[in-house]
Structures are given as C-alpha cells and as structure tokens.
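Here the structure is laid out as structure tokens; the discussion comes afterwards.
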4 protein chains.
Amino acid sequence: MATGYLWHELFGWHDTGTNTGLFGSNPAAGLQPLQHFENAETKTRMNSLVGASGLLEHLVPLAPRPATDEELQRVHRAAHVQRIREESALPKGGDAGDGLSPFGHGGFEIAALAAGGAIVAAEAVMSGQVTNAYALIRPPGHHATPETGMGFCIFSNLAVAARHLQATGQASRIAVVDWDVHHGNGTQATFWEDPEVLTISVHQDNVFPPDSGALDEQGAGAAAGTAINVPLPAGSGVGAYLDVFTRVVVPALDAFGPEIVLVASGFDASAADPLARQMMTANGYRQLTELLMDAANRLCDGRLMMTHEGGYSPAYVPFCGLAVLEALSGHQTGIEDPFDPIFSGFAGQELQPHQAEVIDAAAALAQQLATD
Amino acid sequence: MATGYLWHELFGWHDTGTNTGLFGSNPAAGLQPLQHFENAETKTRMNSLVGASGLLEHLVPLAPRPATDEELQRVHRAAHVQRIREESALPKGGDAGDGLSPFGHGGFEIAALAAGGAIVAAEAVMSGQVTNAYALIRPPGHHATPETGMGFCIFSNLAVAARHLQATGQASRIAVVDWDVHHGNGTQATFWEDPEVLTISVHQDNVFPPDSGALDEQGAGAAAGTAINVPLPAGSGVGAYLDVFTRVVVPALDAFGPEIVLVASGFDASAADPLARQMMTANGYRQLTELLMDAANRLCDGRLMMTHEGGYSPAYVPFCGLAVLEALSGHQTGIEDPFDPIFSGFAGQELQPHQAEVIDAAAALAQQLATD
Amino acid sequence: MATGYLWHELFGWHDTGTNTGLFGSNPAAGLQPLQHFENAETKTRMNSLVGASGLLEHLVPLAPRPATDEELQRVHRAAHVQRIREESALPKGGDAGDGLSPFGHGGFEIAALAAGGAIVAAEAVMSGQVTNAYALIRPPGHHATPETGMGFCIFSNLAVAARHLQATGQASRIAVVDWDVHHGNGTQATFWEDPEVLTISVHQDNVFPPDSGALDEQGAGAAAGTAINVPLPAGSGVGAYLDVFTRVVVPALDAFGPEIVLVASGFDASAADPLARQMMTANGYRQLTELLMDAANRLCDGRLMMTHEGGYSPAYVPFCGLAVLEALSGHQTGIEDPFDPIFSGFAGQELQPHQAEVIDAAAALAQQLATD
Amino acid sequence: MATGYLWHELFGWHDTGTNTGLFGSNPAAGLQPLQHFENAETKTRMNSLVGASGLLEHLVPLAPRPATDEELQRVHRAAHVQRIREESALPKGGDAGDGLSPFGHGGFEIAALAAGGAIVAAEAVMSGQVTNAYALIRPPGHHATPETGMGFCIFSNLAVAARHLQATGQASRIAVVDWDVHHGNGTQATFWEDPEVLTISVHQDNVFPPDSGALDEQGAGAAAGTAINVPLPAGSGVGAYLDVFTRVVVPALDAFGPEIVLVASGFDASAADPLARQMMTANGYRQLTELLMDAANRLCDGRLMMTHEGGYSPAYVPFCGLAVLEALSGHQTGIEDPFDPIFSGFAGQELQPHQAEVIDAAAALAQQLATD
Ligand SMILES: [Zn+2]
Ligand SMILES: [Zn+2]
Ligand SMILES: [Zn+2]
Ligand SMILES: [Zn+2]
C-alpha cells in the first residue's frame, strides 16, 4: 500500500490579502485590515507537520502541474476561466465571484495548479502508482460552480479531476464524499444530471452557501437520487459524524459501486474552527477515513483520493490532516492530538436525538439508492 | 446617562507567547510555534474600532490603577499572589496555574492593572460618575479561583471589584451575570458561600473547565440558591440566549435585587469563535445588554459594569463589543455588523427544543430564588 | 510649556496589503505575499509606548479632522486628489502613483485625515494652545508632489499644513526640516519657488527617490537658495547628524528666521531600519530635537511641529519616537532605550572625514543663506 | 555538477518567542511583545522560493540527522551541551547564553539537527555525492564558541561539521569563509590554534560581538596568521565586497590550499537588513559565490559547502539565497531580483577610499599567508 501526497510551495502563495476575515478592509464600515480566514497558514502548517513528524518519508510525493484550459472547461464555462485569467493579470488581482473570495496578481496560475494537482493525484490512484492520495492544494474548490467561483473557491478542483478521469477513460463511475462543513454545492451542481457521479455532502445545516444543501436536493433527470445531502445541526460532534458515515455514506457507496472515491476534505467541521460550529476531532477524522478506506477496499481496490478544501484553525488543522494521512498510509507517527482531551470532553460529542432525525432521513436516501 | 470606558495600552502587552493556540510549542509533540488563542489582537482591535468609529467621543474615559495586594487578597490566597509575582520576575515569566495560561516577564503588573481597572470601573458606577461602564481589561479573570489562576486568567478581576465594593461599603448586594461561553467557575467559587452575591453563568455545556458549571451547582450554606448555571448545548444561537436572559437571568435579578449588576463579558459565544460552538451575534449581544439595562434601571438606577473576559475572534469581537457599547451608551455609530447577514442565517438561530429543556430547568432555579 | 500629540486609530487602518515589502505579490516574479514595509505596526507601537509609558498623560491630545479638497489642492493638482478619491472607491483601493504605494478601499479618507491632522497640529502651535506638537499621522507625506503620490505617500501632509498656515494668515515664513532618511522631494517641489518657505532635507545620498536630493538642488527664482539638501553617505551615524544640525540646519534656521519650524520626522535613519543604512539612535534623535527646540525658542517662541514620516523598524521606532516626545515635552518617562548600548557601539558613530566633506558643502549653503 | 540542498521543516519550528527584536518583552522597560529578529520567516520564505521557483527540482535534496553529543563536543564543552539540553526540557525553554538568544521547549533537538545538517552537507560534498551544497539550517551557528552560545547561535554548526571531517579523516585542511555581516567569532575561536583551518571573516566593523573581529586578531601559536578579519566600515556595498573577495579571500584561499571551502552564509550584509548597515545585493552574493566556486574549482575539485547563518529581511533574503543557489547549481530560474534596481542605485555601491584602506590591510594578511 502506498499513499500519494501532493503539495507545492505555490499553494502557500495564493494571496487572499488583508481582508477582515471575510470582507475587504473598509474604514467606513468598521473593517480594520486583518487577514482572510482562508489564508496560507492552515495549509502550510499542515504540510510542515507532515514533514516535521517524519510522516513525509512514508508517503509518495506527487508534483502538481497546471490544469489546461481544456481541462478546466470540462467543468467551467469558458467565460469563467477567462474572467479569472483577466482579473489575475490586474496588479491587485480580483475576486472569484462573490466578493468574499479574493485572489492576488497571478492567482490564476495558482488556481490552475490546484486543479491540476487534483488531476495528478487522481491519476496516480487510478494508475495504481499509489493506492490512495491526499492532494494538499489551495485555493479550495468545492463551492466553485460551472459558472462562477465563490466561497474562497476559484476552480472546482475535485470536479475537474473527476471529469478528467471520465474524459480520458480512466474511470467512469465516481463517488464524491464531501466532509467539509459547508455544502459542496459546486461539485453537486457539476454532476447534478450525471448518473455516473454520486455526490454526498455532509455539512452544517444552512451555513454556506445560504439555502443550499437541503435534504431534498437529490439530483435531476437520470441522476435523480445521486446527490445526497446531510445537513447536520450546529453543534454536531464525532458521534453524529460516525453515525452519518455508518448509516448514510458507506451504504450509499456500497449501493453506488464507484471505481474511485473522491473526498472533499475540509477540516472546518473541527471543534476549533471559526467558520462553523461542529465538534469533530482529529481522531474523528481518522475514523471517518478508516470507514471510507474499508468501503474503498471492498468496492474499488482501495482507490481513494482526497482534495483539501476548507479548515480555518491554524492550530488544529495540522493535527486533523496528520490523522487522516496516518490512516491513509497506515503509518503512525506517534504524535497524539494534544487538543483531544479537551475537545473530546465537550458535552454533546455523542449522537444527539435531534441529530439522529436528520441522519434517519438521509439514510433513507442511501437506502433508496440501493433500491434503485 | 454617561458610560465609562476603561482601557490601557498595557493590556495589549500581556505576553502569551508563541503557544500553539493552547500549548507551548514543542517539536516532539508536533506543536509548531504560533500564537496563543488569548492574544492581544481581539482586544486591541475592539479598542481600535471604538476609536475609529468615533464612539469613544461619546464615552467617559476611565484610567486603571494597579490593584494592591490587599485588594487582590480579598479574593485570592496570598500564596497565589506571591507565586504570580515571583514567576513574573523570571526572564520568560510563568503560567497562571494550569499550563494553558502563560504570561511574560512583568505579567504581574499587567494582571494587577486589569484587576484595578475593574475596581475603577465599578467605583465609577457606584459613585454616580457614570451610569454604567465597560472595562476592556486583559488578562481576563472569571476562571481564576481564590487558590489559582487558570483558563488564561490570573486574577479574578470582577470578583476583586465586587469584594472591593463590599469592603469599602460602596455596595453590599451584588449580582454577577457571566455571558462568557465558558463557565465562570472562579467567580462562582469566590462567592460560593456569600448570600450577598448572586452569580449567574450562561455557558456552553462542559467546555471549560471540564465538569464545571452543571445545573446542580447552586451555592452552599446561607448562599444556597445564589449560584445559577445555565449550561447550554453546543450550537445554541441568539434565540436560546434571549430565552435564557428573559426566563432566567432577568427573573433572577429581579428576585435578588442587587445594588449593581456586574457582567463578565466574554464574546466567545459568538458564531465565529474558535474556542466554543455557539452562534451569538453582535446584535444578539446588543439585545442581551438592553435586557440587562432594563433590569438594572428597574432595580438599581441602571448601575451596570462589565469586565471583558474571553472572545477569540479578532475579526468579530470588535463588532460584538461595539454593539454592547452602543447599547450601554445609547449612541449609535451607524456601523452595521457586516457578518450579521451570514451568521443570522445559520440554521438553528431560533430556540430549539433541546435547548429549551435546559433553560426550563434553570428558570426553575430563578423561580426558586424569588420564592426563597 | 505644553506639547500637543495627535493620533487617530484610523491611521492604523491604512491598508498597504500583503506586498512583499515593496512590490505586490506575484508568483511568477518570486514575490510571496508578506507585508508592506510601510505597515501599521511601527506607528501603532509608537502610540502604544506613548500610552504604556505614561507619557500620554503629560501631553495635550489633539484630534484630527479630514483636510478638505480646497486644503489639499493648495498643494496638489485637483486631478491627483480626484484620482486618489476614485481609486479609493474601488473594492481593493489603488496606488498613490509609483506602484510602490498601495492603499485600500477608503484610503482617501485616511489620507485626508492625515493631512488634516498636520493642519490641526500646526494650528495648535500657531494659536498658542501648545508650544510644540507631534502629529503621529499615517500615511506619510513628504514624497508626495503636487502632481502625484509616491514613496508610500499620498498627500503631502506637512506641505498642506504649511500652505494652510499661509493661506489663513496664521504664518507666512516657515522652515521645514526633514530628517527622514529619504529625500523630502515632495515638500521641496511644493516650495521650490516660494522664498517664504525654507526646506532642508537631511537624507542618505541617492536612496529614494533615485537621483533626487543632490547638493545642487537649491530652489528656483526668488526662492533660489531656500532649498538645502544634505545627502549623507551610507553608514552615517549620530556624529554626522549632530554635525549636520549644528553646522547646517541651525545656522540656516537662524539665517532664515521662520515663524514656525515644521519637521518631517521619519525614523528611518535609525540603526535598525531595513530601508536605509544610517545609524541614528533614539538618543541621537533626542539631541536633534533639543537643537531644534533651542533654535525655535530663539527664533519663534519655540514653535515647532513635527509630522511623522517614514521609519520601518517596529522594534525600534517606538523608542525613537518616545525620545523625541520626551524632549519636546520636557517629561522623562524613565524608560531607557534598550538598544542604545548596541547601536552606540557600532564602529563609525562619530563623524567620519568623508561625511564631513558633504557637510562642509551644505554648511556653505547655509552660510550663503545668511549672506543673502 | 550536482548541488546538494538541505532543509528540514523543524528548522522553521525553532522558537525564538515574542521578543521585541532582541529583548524579552518587558512592560516596565517599554518592550512590547513582537517577534525576534531571528524568527523562522527569512528561512522558510527562502525555502519556499526555492520550491516555488522550480529550482528545487535541479538540486539534490539532503536530509539532516541530529548531531550526537560526541560530535557536538568536538567543538563545545560538555557543560555547554548539557546546559542547553537541560534548559530545553523546561516548559518555556531557555537561552543560548547571552540573553539575546532564546529557544523554546525542545530547542536542543532542533539545534542538534542543525549541526547534524551541516555534517550531512559537508559529507555529501567530501564523498562526491554532490560537488557543492547549501545547508539551510536554523538556528545559526557562527557566534557559538566552545564555551557558550550567543548571538542567536546555540551550536557552532559549521565548526562541528569541520571538526567532523577532520575526526573522520574525510578532510584535514579546511578553509572557512564567513560573509555573514557579523564577526564569525565562534568559528574563529574554535580554530584559533589550529593551523589546519583557515578562518576568514568579512564583517561590518564592530557590530557584533562588541570589540570582536579586528584586523589584529590573527590566530595563535602554530596557527598564527590563519585567522583573517576584514572589518568593513558601515555603508559598504557590492564594490567593497567584490574587492575583499578578489584581493583578500581568494588569494588567501589560494595561499592556504584547502581540501574544502566552508562558507558561513549570512545574508545580513544585504541592503535591506535591519541588523547591519551594508548594501549587498542578491547579484552581489551571486558574484561572491562565483569567485568562491572558481577558487574551489582550482583548489579542491569545486568542493564548497555553505551553512546558512544570519539574514533578517524576510522580503529580501529569499532573493539572496536564490541567487547563491543558482550560482552553485548553474541553473537559472529566470527570476530576477525585483529589489536590484533600487538597491543597486544606492550611492556608494562602488568601492570607496575609506573602505579600500581596510581592505589593503587585510590583503597584506592574505599576502603574508602566501609567504609563510
Ligand atoms: Zn468549508
Ligand atoms: Zn471564555
Ligand atoms: Zn523615509
Ligand atoms: Zn549575522
């Protein structure tokens, strides 16, 4: 078993500026310059821990290349690609589309490298070079729709990789599991009518985008039923996530039978994230990874590829990422999550009845998929 | 109506080092240097917004002085005060007691200034110099017990101020409302057996300290019933908080009849806080403030004094603080919380049934206080 | 004797972005995002030391107001003012003119407040409200010419104040001493043909702007001889500066006989500055201040007003500023420059022969002024 | 020709805390917390540019291992090694010896890894695995003496590597060229009486350590004449450095005839450094490298190994390092130093007469070496 690991220093150079968390600085609005929630640090620190812990020596390094326009346009309208390219040439760069998603001069090239990184990692898995892979890419992608970027995302990295596998005949039937705490709306939109791609998004109910990711969003046409959403209530913890993966995600994967499982891996459901209110822990992510690995082993020779999405705690994301990489690679570094005793002790870590209700409804969708 | 505002540049100089959020950096444990969650920024940025927005011109500036040993020792054991003083003289300073609460060389003087600031603000209210006051002090205080500091707190600032009012005959009957998201264990411990001080803590259930702040912690001896705890579930929002203040806090204040209301004002129940999972908004804090002002007006000529406690979102705490200060002073700056459209849209902002159950139980305690 | 001190929180909000020191981030050019040399920190930290040291209590606080368009246009072309206003309305702001001088959305308002701050401080001195004053304003101003901003400067703050004094009849004969390490080209250009304004710039030879500030730049027309430049060699220390002030600056002031002395006070000639190579110390600036105060006492009832210009060492600028403010106010805080033992020991702090040659030439210009 | 490049993520984890540049934070002394001049950023950013520019693909990656106690004690007293180990076990770590050189908990392990990195890089060159190598290690080493750390240095990395080559019979005759702007006092002290090791230090006169590195420090006993110091005046630029290398360093190397040339490569003589006052540029360092490569080619099959020392400009050090690595490897990335047009234009970049005087004296020492 080999695990691919993809990182490039330029991912730390994506420039989200001095925004006050989400908004451009603006004295009249009381917005003092600060830094964007989506800054380099959570990602560079995760990469640094992978190196410092020695785990890197047990991984297969993968090097990204830029996605071509043709590759990007398998998902995105040409006009979107072109607009990003043009704004990227401006001295101060531009915004991916919603005013919350700034990028600097040259941001196009970094975004194309992130999408290309997802392609490289997916191909490494499909080709058998590695059993599974983690693409630590930036900017993230899962909110970017065919028409526009949004939610800090420019191009829909994972979707570009999936379409690439399909277009090049490397895979046709693909499952996407999105555990980022926000709704994977961009991925879902891309494959809304594609019955060959199952998208499952486990997210906090109605956080971002607004009014997106409800249970009744289920795909259309021939693809009806191939989009599954699990909008967990705020305050959900490890117990709820394990229940979702046991009763919804894994059954849906089993029912769907993919050739590869792609994971949109945001760590913003963690107990320390500033942009959501869930209580996941590094060990919780480890367990979710193991559940997905079991399913992938059963279904598709273990083929699993994760793209990094959100996650905004510079202190905690590295430990979440390390736990996932330890699980993927089967190598233990010996480093224990120092936050675990604190976060695991939070009241409500076990499954709560009001959470189970939502999961019941999603489980029925997974069941339905099996029946179809 | 005049509102006092207390700040000192030295509060921004309290040095919590390069901790990885909570823990000292430690390569063997995977802890890369970063900054402590309790760093200067949330507080200096709140102060900067108060100035930049022009609100400062509508407030009465108050200047802190250091609390004396005698004043500190009305709450704390002499040994604790002495230990802090000694560690403060070390080149790298020391820790308040639990290994999570570092301070730098000279930290004693800043901590004494914070406690003295609470005294000054409380006296300004009791003397009628101002109707109410906000002490933007640092380090925080509500976790510090008579015996030790903990939870980033060195001295129990608010408790020192309360004891000072009692000792100097400026007030005897005092109510403490703690809306910091963590349990106000230090304040509660200080007044555990004092029937003249009502302590109400509204916090996220079992976050910090561990196993502290349960409903059945209610004071002892003659003070039985004068400690009220409201341990809200993770994911509670504005609706839950308004319900708590309407059905628990205000009735308890009415029942107790204080001469002054002291508020331990942490903004870590906000929807963007990394150290807890609640969903309060700036406007939510504004409403809580108004409810307390109404009660204080009814009960004690509006006498209300707030000490700053936690709150770890540098982007959002300034807006929470501004909203509270606008309410206290009755002056509107015209600055609207830019995060409000996002945070107010989170699912679950309205009161949820599983939250109401906890509040029902706490409301019964408030009722009991009225009956006693 | 009273000393005015002008600061506003918004000066810390001027947003120079994530530039790599001087240049916008740019992956293709190897420019990783960082922060601009001209960021808030040197100024906010100086202000914080003024407060933390207690010196603030011995100063008269002055509050800025925005300069009006009319006031700005006494120095600047309307087109420049208009361009800044327009770029300031853009979501990401703009640049003052040379691509090295970014500002954020709303930057116009902060720049106008800085220029207005210089006016307020100058008026406080002329009116006798205070004897002297220090305007800790940002962005800086001395590089801004009538036509354009440059060198981090948007509007020529000091020049706007000088023109205001003239236009309102508060003063007509004004001397400007610029000890910022870069050439005060904007101020010089503004008064190039005005015989009523003496400009003296003491700077490192040919650092910024390129090819500016040579000895032979001396003013034109009726104002010939009223511009004096002292381009010191790299590596000049306290000895050279004292010699310049003793043999050039003070004699020129004596010869000119101003009604007020305005000082463009950059601390980038300090021994720790990243943007120049001189070796001044806090105590050196103190001595220069005393020499200017002596001259001002002799010539114009002590009227002296300083505007803050450059200075890019966040560690050292606060100590330089404190020393100057101690001298201006006559109040000693007791805080000693901790860097002094190090910087004073640098070889070459005393006047060197190759430095004396330049000073000789400049002294001749001062002499000539006396003769004219 | 192959060039080795040694880096480890842990070098970015060496924790120098929240010092105010040089001194521990201290409110009574006016020292607000900030960051140490010797923080991770200059080094991590240089490494990031090496990766982002693609140069890394043309280098041979070398992995460090910790130096053993035996290896460290070839240079250092056992008591020094033991003291560092003991202070490293303290929760807040300790200081290398002079109060200016803090390290965090676990700092011993990082310091041992830096020294071991120098060993690995030196062995890679001597073994012929690579022709030359750059060890981007941290903390720096050249100030650490046998008895103690100082000047941000804990162990004398380069000296440990040199002694290792000697002790293991890999090399006996070694030349050390130190272009860090401060005196290489630790290296000099280590080899003061060793005629087999030539040490040449080119530094700014009397900056650090105080009263160290004068022309008349020349080695003792059998080693008299094998220590050469070139204390350049403040304000020296590229012209002075080229003259030093042409007239002093290269002739001395030729006279000495080393088996390998070790370079203590600090980039704090750069025109943007806050801790010294020289005006070197990236292209200047490139030229010095080429001069050393020519000499090494002539004398010892090109064997050259550089250890990273000081350099405190996060904006500029990466470009200096890239230029040196381009020269060492013979691969051009195409990235041009964006600061070059500015820094090259500074007056005084060409050799000045008062600089030439010092260089003349040093050249005489090199001549003497040839004669001996
Ligand atoms: Zn997300
Ligand atoms: Zn708290
Ligand atoms: Zn300047
Ligand atoms: Zn150095």
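The values are calculated or read from the model by the stated rules, or taken from the named source; none is laboratory data. Owing to the predicted nature of the structure, the values given are computational and were not obtained by experimental measurement. When we count neighbours, we look across all protein chains shown, and the Cβ atoms used for this are built from the backbone with ideal geometry, even at glycine. Just the protein is used for accessible areas: all its heavy atoms, side chains included, with ligands, DNA and RNA removed. Shrake-Rupley method; radii C 1.70, N 1.55, O 1.52, S 1.80 Å.
Numerical summary
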{"quantity": "Meets criteria (touching a Ser or Thr at 6+ places or on another chain (Cβ under 6 Å), more than 9 Å from every other protein chain (Cβ to nearest Cβ), more than 29 Å from residue D:20 (Cα to Cα) and in contact (Cβ under 8 Å) with a residue 12 or more places away in the chain) for residue D:328", "calculated": "yes"}
{"quantity": "Residue match in region D:260-273 (condition: modelled with pLDDT of 95 or more, open to solvent by 10 Å² or more (accessible area, probe 1.4 Å), more than 16 Å from ligand 1 (Cβ to nearest atom) and not β-branched (Val, Ile, Thr))", "calculated": "no"}
{"quantity": "Only one of A:112, A:78 that is touching a residue at least 24 places away in the same chain (Cβ under 8 Å) and either closer than 30 Å to residue A:259 by Cα or among the small types (Gly, Ala, Ser) (or both)", "calculated": "A:112"}
{"quantity": "Residue list for region B:331-354, filter: within 11 Å of another protein chain (Cβ to nearest Cβ), touching a helix residue (DSSP H, G or I) at 6+ places or on another chain (Cβ under 7 Å) and without any contact (Cβ under 8 Å) to a residue 60 or more places away in the chain", "calculated": "B:337, B:338"}
{"quantity": "Flag for residue C:365 being touching a residue at least 60 places away in the same chain (Cβ under 8 Å), over 22 Å from residue C:51 (Cβ atoms), open to solvent by 10 Å² or more (accessible area, probe 1.4 Å) and in a loop (DSSP other than H, G, I, E, B)", "calculated": "no"}
{"quantity": "Residue match in region C:312-325 (condition: more than 9 Å from chain D (Cβ to nearest Cβ), buried (at least 20 other Cβ atoms within 10 Å of the Cβ) and out of contact with any Phe, Trp or Tyr (no Cβ under 9 Å at 6 or more places or on another chain))", "calculated": "no"}
{"quantity": "Which listed residue, of D:322, D:299, is in contact with a helix residue (DSSP H, G or I) (Cβ under 7 Å, 6 or more places away or on another chain), of a type in the set (A, V, I, L, M) and over 23 Å from residue D:157 (Cα atoms)", "calculated": "D:299"}
{"quantity": "Output for region D:78-98, where each listed residue is open to solvent by 50 Å² or more (accessible area, probe 1.4 Å), under 24 Å from the mean Cα position of the chain (by Cα) and closer than 15 Å to residue D:36 by Cβ", "calculated": "D:98"}
{"quantity": "Number of positions in region D:167-179 that are open to solvent by 10 Å² or more (accessible area, probe 1.4 Å) and part of a loop (DSSP other than H, G, I, E, B)", "calculated": "5"}
{"quantity": "Any chance residue C:110 is more than 14 Å from chain A (Cβ to nearest Cβ) and part of a helix (DSSP H, G or I)", "calculated": "no"}
{"quantity": "Pair list, Cβ under 9 Å, 6 or more apart: region B:181-196 residue farther than 20 Å from residue B:372 by Cα, other residue open to solvent by less than 20 Å² (accessible area, probe 1.4 Å) and charged (D, E, K, R)", "calculated": "B:181/B:268; B:181/B:273; B:181/B:277; B:182/B:268; B:182/B:309; B:184/B:178; B:184/B:309; B:187/B:178"}
{"quantity": "Cβ-Cβ under 6 Å pairs, at least 6 apart or on other chains, region A:89-103 side facing chain C (nearest Cβ under 8 Å), far side open to solvent by 60 Å² or more (accessible area, probe 1.4 Å)", "calculated": "A:92/C:92"}
{"quantity": "Filter pass, residue A:65 being more than 16 Å from ligand 1 (Cβ to nearest atom), under 30 Å from residue A:297 (Cα atoms) and not aliphatic (A, V, I, L, M)", "calculated": "yes"}
{"quantity": "Which listed residue, of A:141, A:149, is under 16 Å from the mean Cα position of the chain (by Cα), more than 29 Å from residue A:326 (Cα to Cα), away from chain B (no Cβ under 14 Å) and modelled with pLDDT of 95 or more", "calculated": "A:149"}
{"quantity": "Residue identified as touching a Leu at 6+ places or on another chain (Cβ under 7 Å) and either of a type in the set (Lys, Arg) or surrounded by 24 or more Cβ atoms within 10 Å (Cβ to Cβ) (or both) among A:182, A:164, A:142", "calculated": "A:142"}
{"quantity": "Qualifying residue in region A:170-180 (condition: within 14 Å of another protein chain (Cβ to nearest Cβ) and either out of contact with any Pro (no Cβ under 6 Å at 6 or more places or on another chain) or away from ligand 3 (no atom under 16 Å from the Cβ) (or both))", "calculated": "no"}
{"quantity": "All positions within region A:14-57 that are of a type in the set (Asp, Glu) and either more than 8 Å from every other protein chain (Cβ to nearest Cβ) or out of contact with any Ser or Thr (no Cβ under 8 Å at 6 or more places or on another chain) (or both)", "calculated": "A:38, A:41, A:57"}
{"quantity": "Subset of region C:219-246 [buried (at least 19 other Cβ atoms within 10 Å of the Cβ), in a helix (DSSP H, G or I) and more than 14 Å from chain D (Cβ to nearest Cβ)]", "calculated": "C:243, C:244, C:245"}
{"quantity": "Any chance residue D:250 is away from ligand 2 (no atom under 16 Å from the Cβ) and in a strand (DSSP E or B)", "calculated": "no"}
{"quantity": "Residue in region A:346-362 that is farther than 14 Å from residue A:271 by Cα, modelled with pLDDT of 95 or more and assigned to a loop (DSSP other than H, G, I, E, B) present", "calculated": "yes"}
{"quantity": "The one condition in (1) in a loop (DSSP other than H, G, I, E, B); (2) surrounded by 24 or more Cβ atoms within 10 Å (Cβ to Cβ); (3) among the hydroxyl-bearing types (Ser, Thr, Tyr) that residue A:307 fails to fulfil", "calculated": "(1)"}
{"quantity": "Among (1) crowded, with 21+ Cβ neighbours inside 10 Å; (2) within 21 Å of the chain's Cα centre (by Cα), the one test that residue B:302 misses", "calculated": "(1)"}
{"quantity": "Boolean, residue A:292 is in contact (Cβ under 8 Å) with a residue 40 or more places away in the chain, within 15 Å of the chain's Cα centre (by Cα) and within 14 Å of chain B (Cβ to nearest Cβ)", "calculated": "no"}
{"quantity": "Those residues of region B:47-72 which are out of contact with any Gly (no Cβ under 8 Å at 6 or more places or on another chain), open to solvent by 20 Å² or more (accessible area, probe 1.4 Å) and within 15 Å of residue B:334 (Cβ to Cβ), in sequence order", "calculated": "B:56, B:57, B:58"}
{"quantity": "Candidates D:215, D:288 - the one that is buried (at least 19 other Cβ atoms within 10 Å of the Cβ) and in contact with a helix residue (DSSP H, G or I) (Cβ under 6 Å, 6 or more places away or on another chain)", "calculated": "D:288"}
{"quantity": "Count - residues of region B:335-362 that are in contact with a strand residue (DSSP E or B) (Cβ under 9 Å, 6 or more places away or on another chain) and under 14 Å from residue B:230 (Cα atoms)", "calculated": "5"}
